[in-house]
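Please treat every number below as a calculation from the coordinates, not as lab data. As the structure is a computational prediction, the values presented were derived from the model and not from experiment. Please note: Cβ atoms are built from the backbone with ideal geometry, for glycine as well, and neighbour counts cover all protein chains shown.
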Amino acid sequence: MKLTIVGCAGTFPGPDAACSSYLLEHDGFRLLLDAGNGSTGPLQRTCGLLDLDAIAISHMHGDHYLDLITYTYARRYHPEGNPRCLPVHGPSDVEEHVASAFGRPVGQLLSEVFEFHPISGATTMDIGPFTVERERVNHPVETYAMRITAGGSTLAYSADSGVCDELVKVARDADLFLCEASYLEGEDNPPDIHLTGREAAEHASRAGVGKLVLTHLVPWGDADRTLNEATAAYDGDIAVAACGAVFDI
């Protein structure tokens, strides 16, 4: 599997990063994990606008799905014509959230672009060559971490989550754990929303992952401090996500 970081900022885009979006490729199939605001732009540096084969949305917060709105227009009105409907897998309310973001009736437009697959609860599904296992995690809205396997390799993606055992389950023995690390230690962080770098590392250590990649850092944060806090709790291979970075899994 090949992972490309399309966007990795948390909450809102930073000067050098769109919000959460990650391209996973295997055997010629392109699966986009999340489509946070600002991600359609850098996606075009990675693949063509019409080259995606499926999208999986972890939850319906804007920094993880709002560029489905801009991508609707990019796909529907592309000069090469209207391609086949693109499968979009997401939480139970994925279609309603996308439709409501337009602020007007768009049922026909969406039906010409996307084929929505809303699913509620923990489940396992096949998306192209990928086997995707979802677990609901500790976040204020319906949110799913994903364990994705193909070609004998495994990627775990935390989505957004506070501390929870489900993250360890999703990441168990994964080759790469793409884990959010929004908060810094010692701040007045609200509980059950996000992780610090240390907490992300503790989950990675418990799960025995091969590599930890910290993502979803808010633009006003401190990436060096986040990395140092994580390194103190995890002695494996570790990195901070950066837009355009590529990982072979």
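Under the definition of Cα pairs under 8 Å and six or more residues apart, what whole-number percent is the relative contact order of the chain?
Numbers: 629 pairs, mean separation 45.5, N = 249.
For the chain, the relative contact order is 18 percent.
Tell me whether region 1-57 comes out rounded, prolate or oblate; compute the Cα gyration tensor, take square roots of the eigenvalues as a ≥ b ≥ c, and use a/c under 1.5 as the rounded threshold. List each step's numbers first, then the result.
Details: a/c = 2.04, a/b = 1.82, b/c = 1.12.
The shape class here is prolate.
Quick one: net charge around Arg75, please, counting Lys, Arg +1 and Asp, Glu -1 for every other residue with C-beta under 14 Å from its C-beta.
Working: positive: Arg30, Arg76, Arg84; negative: Asp51, Asp53, Asp67, Glu80, Glu112, Glu115.
Cβ neighbours under 14 Å give a net charge of -3.
I need the fraction of alpha carbon pairs in region 2-241 separated by more than 31 Å, rounded to a whole percent.
Result for the distance tail: 17 percent.
When only DSSP loop residues count, what GluC sites (Glu not before Pro) in region 68-138 have their Cβ near at most 12 other Cβ atoms within 10 Å? Can you show the working numbers first?
Working: sites: Glu80, Glu95, Glu96, Glu112, Glu115, Glu133, Glu135; in loops: Glu80.
For GluC sites (Glu not before Pro) across region 68-138 that sit outside H, G, I, E and B with at most 12 neighbouring Cβ atoms in 10 Å, the list reads Glu80.
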